[in-house]
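Notes for the one structure printed next.
The values are calculated or read from the model by the stated rules, or taken from the named source; none is laboratory data. Computed from a predicted structure; not experimentally measured. No Cβ is skipped: glycine too gets one built from the backbone with ideal geometry, and neighbour counts run over all protein chains shown. Just the protein is used for accessible areas: all its heavy atoms, side chains included, with ligands, DNA and RNA removed. Shrake-Rupley method; radii C 1.70, N 1.55, O 1.52, S 1.80 Å.
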Amino acid sequence: QVQVVESGGGLVQPGGSLRLSCAASGMIFAIYDMAWYRQAPGKQRELVASITSGGTTDYAESVKGRFTISRDDAKNAVYLQMNSLKPEDTAVYYCNADVKRSRFAPRIDYWGQGTQVTVSS
């Protein structure tokens, strides 16, 4: 099985910064795309940022210029540096990893349990 665990959430004032971390572990042959999603109360889950195995990144318009996604393949990890945080960034942030468990296995999406980010004064 594959486990995906996020960390780094918390309470921060508007204009502040947080860094989220996510690590995948278990039976992993390869990790392809990795991404961060978020879900605010009463809203649908939305894609925040993604990064391919080749390092190509993509961001939601609402976070461009403020958030940076990166990955460390040696650690099966992905990070989200969040700067200039706004109250509207408040949400549960989820990590997603597109994983092959063996050479001939299909690619499967795995999700973490989520980490709360609250931006408030």
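Consider segment 1-17 and keep the residues that are farther than 14 Å from residue 92 by Cα, modelled with pLDDT of 95 or more and not in a strand (DSSP E or B). The one that is nearest to the chain's Cα centre (by Cα) is 17. A single entry from 85, 20 fulfils the requirement of being modelled with pLDDT of 95 or more, surrounded by 21 or more Cβ atoms within 10 Å (Cβ to Cβ) and over 10 Å from the mean Cα position of the chain (by Cα): 85. Residue 62 - would you say it is more than 21 Å from residue 30 (Cα to Cα) and either in contact with a Gly (Cβ under 6 Å, 6 or more places away or on another chain) or touching a residue at least 60 places away in the same chain (Cβ under 8 Å) (or both)? The answer is no for residue 62. The condition of being more than 21 Å from residue 11 (Cα to Cα), out of contact with any helix residue (DSSP H, G or I) (no Cβ under 6 Å at 6 or more places or on another chain) and not in a loop (DSSP other than H, G, I, E, B) holds for only one of 110, 94, that being 110. Residues that are open to solvent by less than 50 Å² (accessible area, probe 1.4 Å) and aromatic (Phe, Trp, Tyr) do occur in segment 25-36, at least one of them.
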